[in-house]
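*Asks:* What follows is a structure written as C-alpha cells; I'll ask about it next.
Where a number appears in this text, it was derived from the coordinates with a stated rule and is not lab data. Nothing here was measured: the structure is a model prediction, and the numbers come from that model. Note that we place each Cβ from the backbone using ideal geometry, even for glycine, and neighbour counts take in every protein chain shown.
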Amino acid sequence: MENQDQLSAISATLERIAHALDALAGTTQATAAIEDGIDAYLWDGAEQTLIPVPHVNRVPLDLLEGVAHLRDILLDNTLAFARGHGANNALLWGARGMGKSSMVKAIHAHITALEETGLSRLILIEIAREDIATLPALLRFLVGRPERFIIYCDDLSFDRDESSYKALKSVLDGGLEGRPPNTVFYATSNRRHLMPRDMIDNERSTAINPGEAVEEKVSLSDRFGLWLGFHNCDQDTYLAMVRNYVAHYGIPVDESEMRAKAIEWSATRGSRSGRVAIQFVRHLAGEKGKAIS
C-alpha cells in the first residue's frame, strides 16, 4: 500500500512537471474563457487559464496629475486600437510611483465606459513577468476572437542570464506568428532598456562582436512603438496631486495645513511622487476620520 502511495505521488509530480514544461514551450492549448460583464483578467501561465477580476484596483483617469501629456498619448493610442485602427505596443518607463501602472488601468476603464459607436469590447489581461515565456500560448487563445485585448505586464525587466526576453521579442515583432491584430502589449518598467546596465556592459566586454551583443539586448525596447518616460516630480506637481486627491475624496482640511503636512510627509520619505501623495492622503483621511478606498 505504501509503495502504491509513493508511485501515485511520483506520478502526480511528473504530471505537474510535464504540464509546466508544456506551458513554457507554449505547446498546450489554453482552456481560458472570457466571461460576460468582466473586462479584466489575470493570466495564470502554469494552468493556462484566465482568472476573472470583477473589481480592478484603479483610480479615475482625471486623478493622474502631472502626466497629462503622457496620458493623452497613451489614451489616443488605445482609442485607435479599440476602434480597430493602427496602434503601437507601449513601454511606460521611469521613476517609481509616478502612475505608470495606474495609467494603463485608468485608460482601460475610461474607454470601457465610453458609449461610442464602433468601439470594440476592450479586455485588459495582466501577465506576470514570470509568465512571459507562456505569452505565445495566451496569444493563440486570443487570436480570432471578436474582442480586442490589452496584454499588460507590470514592472517588466530581465536579470542576468535570463533568456525569456527573446520570446517576447519574437511575439512583439519579427516572429512567424507575431502579435495578433486584436492584441496590443503594454509594459511598465523602471528601466528604459529592460536590462540592467551591468548586464549590457558585460555583454560588450565579453562578446566577439560587442556592438552586436549590445544591440541584441537593447533591441527589445525597440519593439515598443511608444516609449513614455515618467520622471520624478517637483514640489508644485506633488502638491497638486495631493490637492486633487483631497478634493476627490472630500477630506475636510484647509490649504495651509494640507500643504505643511504634505511637505513634511514627502521629506520623511525622501521622495515626491503620485504614490507618496496617495499614501499621505490616506494618512490625512485617517486623521480626519474620513474613510476612503
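*Asks:* Expressed in nm to one decimal, what extension gain is obtained for the pair K290 and I73 from 0.36 nm per residue of sequence separation less their Cα-Cα distance?
*Replies:* 74.6 nm
*Asks:* Using 0.36 nm per residue, how much length does the chain from R96 to R129 gain when fully extended, once their Cα-Cα distance is taken away?
*Replies:* Result: 10.2 nm gained on full extension.
*Asks:* Still on this model: Provide the gained length on full extension for the span E116 to S271, in nm with one decimal, where the gain is 0.36 nm per separating residue minus the Cα-Cα distance.
*Replies:* Result: 51.8 nm gained on full extension.
*Asks:* Suppose each label sits 7 Å from its Cα in the direction of the beta carbon; what would the D155-E257 distance come out to in nanometres?
*Replies:* Distance between the two pseudo-spin positions: 3.5 nm.
*Asks:* Can you divide the C-alpha Rg of segment 246-293 by 2.2 N^0.38 Å and report the result to two decimal places?
*Replies:* Numbers: Rg = 10.2 Å, N = 48, 2.2 N^0.38 = 9.6 Å.
Dividing the Cα radius of gyration by 2.2 N^0.38 Å gives 1.07.
*Asks:* Okay, next question. Where Rh is the Kirkwood radius over the Cα pairs of segment 68-119, the temperature 25 °C and the viscosity 0.890 mPa s, what D in µm²/s does Stokes-Einstein return?
*Replies:* 209
*Asks:* On to the next question. Name all residues of segment 250-293 having a backbone nitrogen under 17 Å from the label point set 7 Å from the Cα of N232 along its Cα→Cβ direction, giving them as ranges.
*Replies:* 263-277
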